[in-house]
Amino acid sequence: MKTVLITGATSGIGRATACRLAKESGFQLILCGRRKNRLEVLETELSEQCPVVTLAFDIRDRSAMEVALDSLEAPFSQVDILINNAGNAHGLDPIHQGSLEDWDQMLDINVKGLLSITRKLSQGMVERKQGQIINIGSIAGKETYPNGNVYCASKAAVDVLTEGMRMDLHMHNIRVSAIHPGLVETEFSSVRFKGDNAKANKVYEGMRPLTGEDIAETIAFVMLQPEHVVIADMVVFPTAQASATRVNRNS
Ligand code: NDP
Ligand code: 8X3
């Protein structure tokens, strides 16, 4: 049985991925996020389908992350597949008005959090000469858009780090992939606009966005390829989107 760890499993893409992978046989899940109550509900829901454990920690807090991962007992102590999904945008402001607190959050979660957990879990993968890492980037990392500045930079870092990880780890038989979604309707925009749901809903106005389930399906596709195949990089848009800024809102 292979062990899959998903960060950011309490909502959106991560939650949908947990539900999608629970349907596959041969996998057990470690689900992570800060909201413990949501993790508990999900564990109860999915443990009828496959073995599940949950770990509640803030990915910015390196020692909390280490303590949580070190607490894993067999058969969950060896992580075979890491899905680096936790992340968010915080704010959408021009560079001279951006909030330093928002910038810290995006860099600490989307970049440094992803790096810390990857460093920790890739060590065991290297020792065992087997593993897979799937990073959730964004179209924002491929194309910068107005006021996206630091979020775009954080996702460009995920793009570059995916390449770096693959270069360092392929000789240890570890597969590294990135999936870069366009607009996906999750809690993402509500977090970006700090709970202002009127602003959040406008992001998807007049068009049909992707769902967390759509991206979960692409994650499963990448993950379930034969061992000699790595999907290195994938951009996934809704049909109504052609680039970071070109969206057909009459669809
Ligand atoms: P959601 O806001 O629905 O989910 C974000 C997840 O990240 C939550 O489970 C949240 O859990 C977790 N998370 C956030 N901050 C932390 C933290 N400090 N420590 C631990 N976990 C954290 O958004 P999405 O599902 O849309 O986002 C998932 C990923 O997809 C992100 O990396 C995002 O950048 C990326 N993405 C999203 C797109 C979109 O349009 N929605 C498009 C392209 C990429 P909790 O709050 O419980 O800690
Ligand atoms: C999320 C997609 O375009 O809102 O990464 O940045 S976008």
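The values are calculated or read from the model by the stated rules, or taken from the named source; none is laboratory data. Computed from a predicted structure; not experimentally measured. Here Cβ is always computed from backbone atoms with ideal geometry, including for glycine, and neighbour counts include all displayed protein chains. Heads up: the accessible areas ignore ligands, DNA and RNA and are worked out on the full protein's heavy atoms, side chains in. Shrake-Rupley method; radii C 1.70, N 1.55, O 1.52, S 1.80 Å.
Looking at segment 1-18 only, could you name the residues that are part of a loop (DSSP other than H, G, I, E, B), open to solvent by 10 Å² or more (accessible area, probe 1.4 Å) and hydrophobic (A, V, I, L, M, F, W, C)? Once the filter is applied, which keeps residues that are part of a loop (DSSP other than H, G, I, E, B), open to solvent by 10 Å² or more (accessible area, probe 1.4 Å) and hydrophobic (A, V, I, L, M, F, W, C), segment 1-18 yields only 1. Just to be sure, is residue 74 surrounded by fewer than 23 Cβ atoms within 10 Å (Cβ to Cβ), in a loop (DSSP other than H, G, I, E, B) and touching a Lys or Arg at 6+ places or on another chain (Cβ under 6 Å)? No; evaluated as a whole, the condition is false for this residue.
Results for (1) within 22 Å of residue 165 (Cβ to Cβ); (2) within 16 Å of ligand 2 (Cβ to nearest atom); (3) open to solvent by 30 Å² or more (accessible area, probe 1.4 Å), shown as yes or no for each residue.
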position: 20; (1), (2), (3): no, no, yes
position: 33; (1), (2), (3): no, no, no
position: 38; (1), (2), (3): no, no, yes
position: 43; (1), (2), (3): no, no, yes
position: 47; (1), (2), (3): no, no, yes
position: 51; (1), (2), (3): no, no, yes
position: 59; (1), (2), (3): yes, no, no
position: 63; (1), (2), (3): no, no, yes
position: 81; (1), (2), (3): yes, no, no
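The numbered conditions (1) touching a helix residue (DSSP H, G or I) at 6+ places or on another chain (Cβ under 7 Å); (2) within 11 Å of ligand 2 (Cβ to nearest atom); (3) farther than 21 Å from residue 20 by Cβ are all true for residue 116 except (2).
Exactly one residue among 75, 94, 181 is farther than 21 Å from residue 30 by Cβ and in contact (Cβ under 8 Å) with a residue 60 or more places away in the chain, and that residue is 181.
Would a scan of segment 89-111 turn up a residue that is among the acidic types (Asp, Glu), open to solvent by less than 40 Å² (accessible area, probe 1.4 Å) and within 16 Å of ligand 2 (Cβ to nearest atom)? Yes - at least one qualifying residue is present in segment 89-111. Residue 212 meets each of the listed conditions (1) more than 17 Å from residue 14 (Cα to Cα); (2) within 15 Å of ligand 1 (Cβ to nearest atom); (3) buried (at least 20 other Cβ atoms within 10 Å of the Cβ) apart from (1).
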